[in-house]
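What follows is one structure encoded as structure tokens, with my remarks underneath.
The values are calculated or read from the model by the stated rules, or taken from the named source; none is laboratory data. It should be emphasised that the depicted structure is a prediction, and the values quoted were computed from it without experimental measurement. All Cβ positions, glycine included, derive from the backbone under ideal geometry; neighbour counts span all protein chains shown. For the accessible areas, the whole protein counts, side chains as well, though only heavy atoms, and no ligand, DNA or RNA atoms are used. Shrake-Rupley method; radii C 1.70, N 1.55, O 1.52, S 1.80 Å.
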Amino acid sequence: MKRVVFKVGSSVLTNIDDIAKERMLNLVSLLAEARKKYEVILVTSGAVAAGYTALKLDRKKEVSKRVLASVGQPILMSSYKNKFDIFNVDIAQILLTEEDFDSRVHTKIFQQIIERTLENNILPIVNENDISTTPEQLFGDNDQLSAHVAHYTNADILIILSDIDGYYEENPKTNPNAKLKKIVTEIKDEELNQKHSPNNEFATGGIVTKLKAAKYMMDKNREMFLCNGYDLSSAREFLFEKNYTKGTLFSSRKK
């Protein structure tokens, strides 16, 4: 059975003042369906954004962001549990930092936890622990985190569900006729160094962090698929039909 890591961003999971319940339910439905064919791990953003639904603090201040994350984690996980219960799927929460991938001991511990949860038919939900850690201990965005999780759990592919359809040859916001790249086999340094800000106030990524995640995966001879998290039809096509009309596959493997 193949192993798949899904990563979903804050912009997909939350609106300004609430959890995006319908989008989250659609995601949970997809993951429940995917578990019939694949081993599934979820890397989720959204704790800070979820916290903001209950407490209006300035997320640009570090201490406020930590407070929002601490308030938001139980809100986020409660929302996931309520929806996974519909499909009789048990979940586990795993909080990681960048340091967990730099220490053989720490890495082995989280690998064992994820393996054991999967063996017991439990879906592991991973997030970055940005409450009690220093900035130096954090990836800073869950695109990087998800790529590391995918590699260190020996997943076959990482699927990033975002607020865009995939990777375009040009910025689709400035050029409506920009073409979507269906397959990318090489990422150049200038692409990784370009400036690009996230589309959502609570997102920490943007296209560059997704390209860095893709480069990391490709360097490890693994694949990444970037597609829309608002409309999951591309993800479904890719998972169940091995074909897709929208989305970008990043792969260094020869087809």
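Please report the projected area of the range 214-255's Cα convex hull averaged over all directions, in nm².
Reported value for the Cα convex hull: 3.1 nm².
In the range 11-52, if the dipole is taken from +1 on Lys/Arg beta carbons and -1 on Asp/Glu beta carbons about the Cα centre, which of Leu42, Met24, Val12 is farthest to the positive end?
My answer, from the dipole projection, is Leu42.
Of the DSSP beta bridges with both residues in the chain, give the percent that are antiparallel, rounding to the nearest 5.
On the way: 5 of 33 bridges.
The answer is about 15 percent antiparallel.
If you rank Tyr38, Tyr168 by how much accessible surface each has, with a 1.4 Å probe, what is the order from largest down?
Values: Tyr38 15, Tyr168 50 Å².
Sorted by accessible area, descending: Tyr168, Tyr38.
Ratio of alpha-carbon Rg to the 2.2 N^0.38 Å globular estimate for the range 1-148, to two decimals, please.
The range 1-148 yields a ratio of 1.02.
Using a simple charge model, +1 on the beta-carbon of Lys and Arg, -1 on the beta-carbon of Asp and Glu, nothing else, what dipole does the range 24-161 show about its Cα centre, in debye to the nearest 20? Spell out each step's value before the answer.
On the way: 14 positive and 18 negative charges, 99 e Å.
So the magnitude is around 480 debye.
Sticking with the crude label model, points 7 Å out along Cα→Cβ, report the distance from Asn243 to Gln194 in nm, one decimal please.
3.0
Tell me, what % of the accessible area of the chain is carbon and sulfur with a 1.4 angstrom probe? Mind dumping the intermediate values first?
Working: 5800 of 12450 Å².
Looking at the chain in its full context, I get 47 percent from C and S.
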